[in-house]
Amino acid sequence: TGNVTYDPGFMNTAATKSEITYIDGGAGILRYRGYPIEQLAEKSSFLETSYLLIYGELPTPTELEAFDQKIRRHTLLHEELKGFFGGFPREAHPMPVLSSAVSALSTWYQDSLDTSDEEQVELSTIRLLAKMPVIAAYAYKKSIGQALLYPDNSHSLVENFLRLTFGTAAEPYVMDPEIVKALDLLLILHADHEQNCSTSTVRLVGSAQANMFASVSAGINALSGPAHGGANEAVLKMLRTIQAEGVSPEDYMEKVKNKEDGVRLMGFGHRVYKNYDPRAKLIKQTAHDILGKLSGGDELLDIAMRLEEKALADDYFIERKLYPNVDFYTGLIYKAMGFPEKMFTVLFALGRLPGWIAQYREMIQEPGLKIGRPRQLYVGHPERDYPTR
Ligand code: CMC
């Protein structure tokens, strides 16, 4: 096997060079294209951050306007693609519906198969950004048996998504600017996170010169795993169990520390952050604002805050450098906004989309790109002869 290094889980192997996202997990730092996440959260929009990730620089106002207009022009789904949604069981999870529909986009845009055609790569970029929120909303609408609305391009990307998800022809969705802003912020915070499992998947599939729709579809499937994008759902389940069983946060913490039944404090700990996840810090305030406004406070938020307070002061968590991660508060916010739990990971996917696209484009532009092909250490039988029977 020569000079092959054994590195399960790619704990120490850099599979690529990248100019997109910088993380210092020890210091709790996250930057997109050099800009601190805190500044982008305060001053940017999801649309602008998407542009920054994909094209490398912040857009001028004219460039941003042109980008916005281009995306608005591409929100319609092919009428035949809409037939797709009726083909899945009503109770289907929206993640496989999303990945299937995204994969199917390449059957309508067959020119997109040539990944060396820069114009096609650009078109696929715009189509994905415009259509994925529509697909996500339709997956939800089908699951509750409601008719699909057409996008209304007088609305922004985020507004359209909310409208298509919650509005009906009978009762239009009343846009709440605070909810639009909070969702926009959550999408910014999820927009990229360097070589995580789904992004590495997008790169690996794309390294075989598979088109952008196929590669992003694979990324969505990777994200659907509970160890990756599914944690926000798990946090809410944990909080509800604590509430339903009337367990005090203190007693629950004892269970976690004694590793009873393998119980973990969901939404805590991270492979890279060994400090407060900077995204969790930004989300905590939003959780307070939104939950205070929408539900006049929330018992689950109180439980979450007490758990956090206890954990941050506890030796078990301090010694292991376990801090709240991005998912600790997001589920509570999504719930307050009216999203069912099944949609939480879909929202993560919508946020991560510009990151996947940026990483895909960076990869295919790399001179002398090599196909991703990990090695292995073979531990099976040595050569043996087929038995004579
Ligand atoms: N609650 C209690 N103990 C924990 C937790 C937790 N949430 N996380 C880690 N530990 C303990 C673990 O038991 C181990 O203890 P010991 O040394 O005594 O065996 C030690 O901390 C190290 O844990 P690990 O599992 O080796 O760490 P890892 O880097 O492989 O895992 C993790 C990271 C995120 C999978 C893990 O912290 C976890 O399961 N957290 C809860 C699930 C969660 O919130 N996931 C969201 C991740 S962020 C979003 C995303 O990337 O998609």
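Output the number of residues of region 276-299 satisfying the condition of being part of a helix (DSSP H, G or I), within 16 Å of the ligand (Cβ to nearest atom) and not β-branched (V, I, T).
Initially, region 276-299 is screened for residues part of a helix (DSSP H, G or I), giving 278-295, 299.
After this cut, where a residue has to be within 16 Å of the ligand (Cβ to nearest atom) as well, the list is 278-284, 287.
Cutting the leftovers down to not β-branched (V, I, T) gives us 278-282, 284, 287.
The qualifying residues number 7.
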Margin query: Let me spell it out: the conditions are (1) modelled with pLDDT of 90 or more; (2) within 12 Å of the ligand (Cβ to nearest atom); (3) at positive phi, and G262 meets all of them except one. Which number is the exception?
Written below: (1)
Margin query: Conditions first: (1) of a type outside the set (A, V, I, L, M, F, W, C); (2) at pLDDT 95 or above; (3) under 30 Å from P36 (Cβ atoms). D176 passes all but one, so which condition is the exception?
Written below: (2)
Note to self: Can you go through A227, A234, A170, A147 and tell me which one is within 13 Å of the ligand (Cβ to nearest atom), surrounded by fewer than 16 Cβ atoms within 10 Å (Cβ to Cβ) and among the aliphatic types (A, V, I, L, M)?
What the structure shows: A227
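Would you mind finding the one in L52, L40 that is free of Cβ contacts under 8 Å to residues at least 24 places away in the same chain and out of contact with any Cys (no Cβ under 7 Å at 6 or more places or on another chain)?
Answer to the check: L52.
If you scan region 246-265, which residues turn out to be part of a helix (DSSP H, G or I) and touching a Phe, Trp or Tyr at 6+ places or on another chain (Cβ under 9 Å)? Reasoning before the result, please.
Here is the first cut: in region 246-265, the residues part of a helix (DSSP H, G or I) are 249-257, 260-262.
M253, V256, K257 - these are the residues of region 246-265 that are part of a helix (DSSP H, G or I) and touching a Phe, Trp or Tyr at 6+ places or on another chain (Cβ under 9 Å).
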Note to self: I'd like to know if region 86-97 contains one or more residues that are under 17 Å from the mean Cα position of the chain (by Cα), in the same structural domain as S207 (by TED's automatic domain parsing) and not in a helix (DSSP H, G or I).
What the structure shows: yes
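Okay, residues lined up against (1) in a loop (DSSP other than H, G, I, E, B); (2) more than 16 Å from E79 (Cα to Cα):
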{"site": "E122", "(1), (2)": "no, yes"}
{"site": "A130", "(1), (2)": "no, no"}
{"site": "Y138", "(1), (2)": "no, no"}
{"site": "G145", "(1), (2)": "yes, yes"}
{"site": "L148", "(1), (2)": "yes, no"}
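The values are calculated or read from the model by the stated rules, or taken from the named source; none is laboratory data. For clarity, every value in this text was computed on a predicted model and none was experimentally measured. For neighbour counting, all protein chains shown are included, and Cβ atoms are generated from backbone atoms with ideal geometry for every residue, glycine included.
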